[in-house]
Amino acid sequence: VQLQASGGGLVQAGGSLRLSCAASGNIFKINNMGWYRQAPGKQREFVAGLISGAVPRYADSVKGRFFISGDNAKNTAYLQMNSLKPENTFVYSCYAIDRTNTYWGQGTQVTVSS
């Protein structure tokens, strides 16, 4: 399984960004996709996940502002991030889980300026 992430960048506080994570390869057993984020020198933390392509899970800190969705036809998950704050500045990494492995895409930098 390969994951191609895109959509990061620089945005002002209050703005929005949408991250994409496209999966390819042996994707048929994937049952969970989502994102973690990490600041320099800090542990990676969960942001949002989509279980079985339909059930969303969110970190408490992003509930009501971030929304995860999936497009099965494109094998792609999306993370819509609204009302961004400077403290949302991280490297965001998408993941996919099948029955035996967790796969990671390359991180994408999201920077929110005040």
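Here is how the numbers come out for the structure above:
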| item | result |
| --- | --- |
| Among the candidates 47, 55, 62, 91, residue that is closer than 21 Å to residue 113 by Cα and either open to solvent by 20 Å² or more (accessible area, probe 1.4 Å) or among the basic types (Lys, Arg) (or both) | 91 |
| Candidates 20, 93 - the one that is under 21 Å from residue 4 (Cβ atoms), modelled with pLDDT of 95 or more, touching a Lys or Arg at 6+ places or on another chain (Cβ under 8 Å) and not β-branched (Val, Ile, Thr) | 93 |
| Residues within region 31-44 that are open to solvent by 40 Å² or more (accessible area, probe 1.4 Å), at negative phi and either free of Cβ contacts under 8 Å to residues at least 12 places away in the same chain or not in a strand (DSSP E or B) (or both), tallied | 5 |
| Residues being at negative phi, open to solvent by less than 50 Å² (accessible area, probe 1.4 Å) and in a loop (DSSP other than H, G, I, E, B) - total across region 5-21 | 2 |
| Flag for residue 53 being at pLDDT below 95, closer than 19 Å to residue 102 by Cα and not β-branched (Val, Ile, Thr) | yes |
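The values are calculated or read from the model by the stated rules, or taken from the named source; none is laboratory data. Remember, predicted model here, so these are calculated numbers, not experimental data. With ideal geometry, Cβ positions are generated from the backbone for all residues, glycine too; neighbour counts draw on all protein chains shown. Note: areas computed on protein heavy atoms with side chains; ligands, DNA, RNA excluded. Shrake-Rupley method; radii C 1.70, N 1.55, O 1.52, S 1.80 Å.
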